[in-house]
Amino acid sequence: MPKKDRMSGNEAVAYAIRQVNPDVMPAFPITPSTEIPQMVSTYIANGQMDTEFIPVESEHSSMSATIGAEAAGARSLTATSSCGLALMWEELLLAASNRMPCVLALVNRTLSGPININCDHSDSMGARDTGWIQIYAETNQEAYDNFIQAYPIAENKDVHLPVMVCQDGFITSHAVQNIELLDDDTVKDFAGTYEPEEFLLNPGRPVAVGPYSISAYAMEAKYNQKVAMENSKEVIKKVGEAFGRISGRKYGLFEAYRTEDAEYVMLIMGSAAGTAKQACDDLREKGMKVGILKLRVFRPFPAEEIAEALRNCKCVAIMDRCENYNGNGGPLSMEVCAALFKYKVDIEAVSYMYGLAGRDFTVDHVYEIFDEMEDHVKNGTEIEQYQYIGLRK
């Protein structure tokens, strides 16, 4: 039977790891993800799981060891944040290109510099094109649920790609929230055991693995990665539906919140979606037709689905928690605008930058953004594109 508890996001992910009981976890500490390997190692020391914990000398080594374990046919994972993810950069690409279905628990924290330990999405967004599936959580509950779903997605025979399970540093990772936990047997049955048909270092079928991929083969390998990423979209949805049957919490590529008749929509990821939903409810009570589209899966990017979800609104505010210095907007804005163009959805789209390095994002900010969209549509007032929200004057 499920049980109700109170946990931080890090506790929730560590609890899910204990329940799944993967084979190997190499890890190196970095704020704010340090608690995850700390708690997992405590579970192991107490005999509550039999995962092989490997302390390593850096995040680069933790991902290298994760890949090595996965190549040997073991279900593996690690955890990191911010500059730790950046130090893994080379290995992230190897994990995906070698089709290793490992999992990374990423606690989002801004990349240096200037050095800062608070939340934005610059770490995971910086890794958005490394070939990893990326799933984001709004709440501690979702962080827990997403981790349980990660291995059935990654290990699916039509996917075989690594999964990055993302949650917002400190906002969810350290804040305590009410949570509903599944029982151990239910999680173990759902996650199953990893019994790959084939793996890279299979002693039963030895092969020579070369250090270099020549031009005659490398492009085909990249194409196969692309196909696997496309396949993962349906797998993510099917796993989310199956998880709903055991938990009552069904998941898809995104959550449409009060968007059925919305004239103005805010598209946002992560914990700030909760703030946006509260503001949406407040404005609905005043008669304003607003809605929230909370993106859960950034890779694979659900371009067509987002375009269709926005087709009937008049204006969308695209909220980025990452600056990519291209002069036109953040990575989410670029992807959404491209999707709207590709699928011929002719609506106003405005790019906003918010919450960098942990800057507060409030319901008042959401009110102002919706008011600005309405004023633009009804009165033709110009909106400044690529705005920074909450910037000190």
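Can you name the residue in the range 19-46 that is of a type outside the set (A, V, I, L, M) and free of Cβ contacts under 8 Å to residues at least 40 places away in the same chain and, of all such residues, is farthest from SER173 (Cα to Cα)?
Filtering the range 19-46 for residues of a type outside the set (A, V, I, L, M) gives 19, 21-23, 26, 28-29, 31-35, 37-38, 41-43, 46.
Next, only the ones that are free of Cβ contacts under 8 Å to residues at least 40 places away in the same chain stay: 29, 34, 38, 41-43, 46.
Values: PRO29: 14, THR34: 10, GLN38: 14, SER41: 18, THR42: 18, TYR43: 18, ASN46: 23 Å.
Ranking the qualifying residues of the range 19-46, first place goes to ASN46.
Select from the range 229-258 the residues that are of a type in the set (Val, Ile, Thr) and either under 22 Å from GLN134 (Cβ atoms) or surrounded by 21 or more Cβ atoms within 10 Å (Cβ to Cβ) (or both) and list them in ascending order.
Once the filter is applied, which keeps residues that are of a type in the set (Val, Ile, Thr) and either under 22 Å from GLN134 (Cβ atoms) or surrounded by 21 or more Cβ atoms within 10 Å (Cβ to Cβ) (or both), the range 229-258 yields VAL235, ILE236, VAL239.
For ALA143, state whether it is buried (at least 24 other Cβ atoms within 10 Å of the Cβ) and closer than 16 Å to GLY270 by Cβ. Spell out how you get there, then give the answer.
Values: buried (at least 24 other Cβ atoms within 10 Å of the Cβ): yes; closer than 16 Å to GLY270 by Cβ: yes.
Taking the combined requirement at face value, the residue satisfies it.
Checking each residue of the range 333-340 against the condition of being closer than 30 Å to CYS83 by Cβ and without any contact (Cβ under 8 Å) to a residue 12 or more places away in the chain gives at least one match. Whether any residue in the range 191-206 is of a type in the set (Lys, Arg) and touching a Pro at 6+ places or on another chain (Cβ under 7 Å) is what I want to check. No; the residues of the range 191-206 include none that is of a type in the set (Lys, Arg) and touching a Pro at 6+ places or on another chain (Cβ under 7 Å). If only residues of the range 323-347 that are over 20 Å from GLY270 (Cα atoms) and hydroxyl-bearing (Ser, Thr, Tyr) are counted, the one that is modelled with the highest pLDDT is TYR343.
Screening MET125, MET164 for residues that are in contact with a helix residue (DSSP H, G or I) (Cβ under 8 Å, 6 or more places away or on another chain), surrounded by 22 or more Cβ atoms within 10 Å (Cβ to Cβ) and under 15 Å from GLU70 (Cβ atoms) leaves exactly one candidate, MET164. Exactly one residue among SER112, SER97 is under 18 Å from ILE133 (Cα atoms) and surrounded by fewer than 18 Cβ atoms within 10 Å (Cβ to Cβ), and that residue is SER97. In the range 173-200, the residues that are touching a residue at least 40 places away in the same chain (Cβ under 8 Å) and closer than 22 Å to LYS238 by Cβ form Cβ pairs under 7 Å with partners that are of a type in the set (A, V, I, L, M) and part of a helix (DSSP H, G or I), at six or more places apart or across chains, as follows: LEU182/ILE246; THR186/ILE246; VAL187/VAL20; VAL187/ILE148; PHE190/ILE148; PHE190/ILE246; ALA191/VAL20; ALA191/ILE148.
The values are calculated or read from the model by the stated rules, or taken from the named source; none is laboratory data. Small disclaimer: the values here were computed from a predicted structure and weren't measured. As a convention, Cβ positions derive from the backbone with ideal geometry for all residues, glycine included, and neighbour counts pool all protein chains shown.
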